[in-house]
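Q: Sending over a structure as structure tokens; questions will come in a sec.
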Amino acid sequence: MDLSKFPRTKLANLPTPIEKLENLSKLFGVNMFVKRDDETGLAGGGNKVRKLEFLIGDAIAKGADTIITVGAVQSNHVRQTAAAAAKAGLKCRAVLERRIEVNNPRYEITGNVLLDHLFGTPVRYVKGGADLAAEMNKEVELVKAAGGKPYIIPGGGSNFIGALGYMQAAEELITQSKEMGVHFEEVVVTSGSSGTHAGLAAGFTALNHKARLTGISIRQKAEPQKRKVKDEVDNIASIMGFKSLTLDEILVEEDYIGEGYGILNECAKEAIVLAARHEGLILDPVYTGKAFAGMLGLIRNGTFKKGSNILFMHTGGSFALFAYENEMMEYINAIDNGEIKIVS
Ligand SMILES: *Cc1c(COP(=O)(O)O)cnc(C)c1O
């Protein structure tokens with residue numbers, strides 16, 4: 001797989017390590033591993049850094065001087081993009097969508113939002129459900145009017161160029177798997193704006209790698225999410241010249257979303273505490289908490305066989321925990337008081 005023809009800016013520390021979660025493996029009767037894409041190196045890490053290597057590379061190749069992007073208020077993508085732009089010497093402007101109702105008065109100054117400001121990215125808030133493409137175009141016009149050269153990065157960095165980062169990650173994972181002498185039968189990833197899921201699926205397909213890749217949806221039902229991933233894999237396959245997947249070959253679980261995007265649920269809180277207390281591993285409330293809960297659910301219901309080698313893609317996001325501090329503290333206290341019991 002030759003990605004060298006695509007412009008790329010070095011931002012990440014790669015390869016990210018793969019570690020075994022020894023304690024949770026024993027508790028759940030499987031061999032559980034985690035690929036530490038929460039440690040991609042830039043600005044606290046996370047999956048968007050891999051995408052941004054190609055997206056920022058493309059922006060620079062096109063002569064842009066200002067990145068424009070979009071996300072929910074506590075977007076990890078916006079935080080990583082703001083940092084990537086700073087490192088690459090570009091300006092950045094972000095539109096933040098008030099996608100969910102929250103009752104934490106600090107929600108818009110803590111976690112990722114604090115870091116957006118720290119990295120020097122001005123943010124403009126819009127209401128939930130706003131036409132985000134139109135809102136980004138307003139920023140484009142502002143930048144152009146001031147004589148700048150804008151470059152739009154879509155939400156989550158999920159387009160063909162961003163997905164190249166996860167095709168590369170698929171190749172990296174396969175190499176590591178060979179070096180370790182461990183075949184991961186199951187690979188679990190959060191499926192959101194879908195570039196990560198689609199990039200991995202495309203990478204495995206292009207390299208003819210046999211592993212079951214399961215996306216845990218954190219926003220919409222399985223059917224529309226599968227279509228979203230498939231559209232992206234189809235697009236990558238046609239550009240790169242390999243045979244795409246069928247809809248049935250794309251696996252998405254919808255049972256861990258809870259009430260919706262960015263709304264913490266019991267299973268995610270449980271997963272966050274289990275990972276923290278047994279492995280010292282920090283998950284996040286919006287993505288990886290739910291995805292990890294999905295992995296545990298699939299082990300508990302027998303979809304993932306006892307003794308199998310399972311790789312969890314840790315896509316980052318821990319700064320958002322601070323925007324959910326009240327709910328998390330309540331939950332932690334309930335465990336410590338014995339009101340809630342967790343484990344396998
Ligand atoms: C953006 C994000 C995801 C989802 O990745 P997509 O490519 O948007 O599907 C998962 N985890 C974290 C922490 C993220 O910030």
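Q: Using θ = phi - 60° and the Karplus relation 6.51 cos²θ - 1.76 cosθ + 1.60, list the HN-Hα couplings for the stretch 216-227 in order, rounded to whole Hz, with x at every Gly or Pro.
A: Those phi angles translate into 9, 6, 10, 9, 10, 4, 4, 4, x, 5, 4, 5 Hz.
Q: Which residue fluctuates most in the GNM of the chain (Cα springs below 10 Å): L296, L283, L164?
A: L296
Q: Please give the Cα centre distance for the stretch 45-59 versus the stretch 292-344, rounded to the nearest Å.
A: 28
Q: Under a point-charge model restricted to the Cβ atoms of Lys and Arg (+1) and Asp and Glu (-1), what is the dipole moment magnitude of the stretch 63-106 relative to its Cα centre, in debye to the nearest 20?
A: For this selection, approximately 120 debye.
Q: Which of the trypsin sites (Lys or Arg not before Pro) found in the stretch 167-233 are in a DSSP loop and have at most 11 neighbouring Cβ atoms, other than their own, within 10 Å? Let's see the in-between values first.
A: Working: sites: K178, K210, R212, R219, K221, K226, R227, K228, K230; in loops: K210, R219, K221.
Filter output for the stretch 167-233: K210, K221.
Q: Counting other Cβ atoms within 10 Å, keep those with at most 10, restrict to DSSP loop, and tell me which trypsin sites (Lys or Arg not before Pro) in the stretch 267-344 are left.
A: Numbers: sites: K269, R277, K290, R300, K305, K306, K341; in loops: K305, K306, K341.
Passing sites in the stretch 267-344 are K306, K341.
Q: Determine the shape class of the stretch 1-157: with a ≥ b ≥ c the square roots of the Cα gyration tensor eigenvalues, call it rounded for a/c under 1.5, and otherwise prolate if a/b is greater than b/c, oblate otherwise.
A: On the way: a/c = 2.40, a/b = 1.35, b/c = 1.78.
Since a/c reaches 1.5 but b/c is at least a/b, the shape of the stretch 1-157 is classed as oblate.
Q: Is it possible to state the helix-based mean residue ellipticity at 222 nm for the chain, with each DSSP H run of 4+ residues giving -39500 (n - 2.57), the sum divided by total residues, to the nearest 500 deg cm²/dmol? What is it? Could the numbers behind the result be given before it?
A: Numbers: 11 runs with 147 residues, N = 344.
Here the helix-only value at 222 nm equals -13500 deg cm²/dmol.
Q: Given H placed on each backbone N at 1.01 Å, which residues far from V252 in sequence or on other chains put an amide H within less than 5 Å of it?
A: When sequence neighbours closer than 5 places are left aside, the close amide H contacts are G215.
Q: What's the magnitude of the charge dipole for the stretch 269-309 around its Cα centre, counting Lys and Arg as +1 and Asp and Glu as -1 at the beta-carbon? Answer in Debye, nearest 20. Each step should come with its number before you reach the end.
A: Numbers: 6 positive and 3 negative charges, 41 e Å.
Using only the charged Cβ atoms, the result is roughly 200 debye.
Q: Let me ask something else. Using θ = phi - 60° and the Karplus form 6.51 cos²θ - 1.76 cosθ + 1.60, what ³J(HN,Hα) does each residue of the stretch 148-161 get, whole Hz, x for Gly and Pro?
A: x, 10, x, 9, 8, 10, x, x, x, x, 9, 9, 4, 5
Q: Using θ = phi - 60° and the Karplus curve 6.51 cos²θ - 1.76 cosθ + 1.60, what whole-Hz ³J(HN,Hα) does each residue of the stretch 108-124 get, with Gly and Pro shown as x?
A: For the stretch 108-124, the Karplus-derived couplings read 9, 10, 9, x, 4, 5, 3, 6, 3, 5, 4, 7, x, 9, x, 10, 10 Hz, x marking Gly and Pro.
Q: Please identify the GluC sites (Glu not before Pro) of the stretch 17-109 that satisfy two criteria: DSSP loop assignment and at most 13 other Cβ atoms within 10 Å. Which are they?
A: Within the stretch 17-109, the qualifying GluC sites (Glu not before Pro) (loop, at most 13 other Cβ atoms within 10 Å) are E101.
Q: For a quick check: with amide H placed at 1.01 Å from N, whose amide H comes under 5 Å from S191's, ignoring anything fewer than 5 positions away on the same chain?
A: I216, S217, I218
Q: Of V70, I153, T110, which is farthest towards the positive pole of the chain's charge dipole, taken about the Cα centre with +1 and -1 on the beta-carbons of Lys, Arg and Asp, Glu respectively?
A: I153
Q: Using +1 on the beta carbon of Lys and Arg, -1 on that of Asp and Glu, and nothing else charged, what's the dipole of the chain about the Cα centre, debye to 20? Spell out each step's value before the answer.
A: Details: 40 positive and 41 negative charges, 151 e Å.
With only Lys, Arg, Asp and Glu charged at Cβ, the dipole is about 720 debye.
Q: Which shape class, rounded, prolate or oblate, goes with the chain when its Cα gyration tensor gives a ≥ b ≥ c as root eigenvalues, a/c under 1.5 marks rounded, and past that a/b bigger than b/c marks prolate? Write out the running numbers ahead of the final one.
A: On the way: a/c = 1.77, a/b = 1.19, b/c = 1.49.
Here the chain falls in the oblate category.
Q: Give the separation of the Cα centroids, the stretch 211-227 to the stretch 80-112, in Å.
A: After rounding, the separation between the Cα centres reads 26 Å.
Q: For a quick check: with amide H placed at 1.01 Å from N, whose amide H comes under 5 Å from L311's, ignoring anything fewer than 5 positions away on the same chain?
A: Counting only residues 5 or more places away or on other chains, the set is F33, E186, V187, V188.
Only the coordinates and a few stated rules stand behind these numbers; no lab work does. Only a predicted model underlies this, so the values are computations on that prediction, with no experimental measurement involved. Note: ideal-geometry Cβ built from the backbone for every residue, glycine included; neighbour counts use all protein chains shown.
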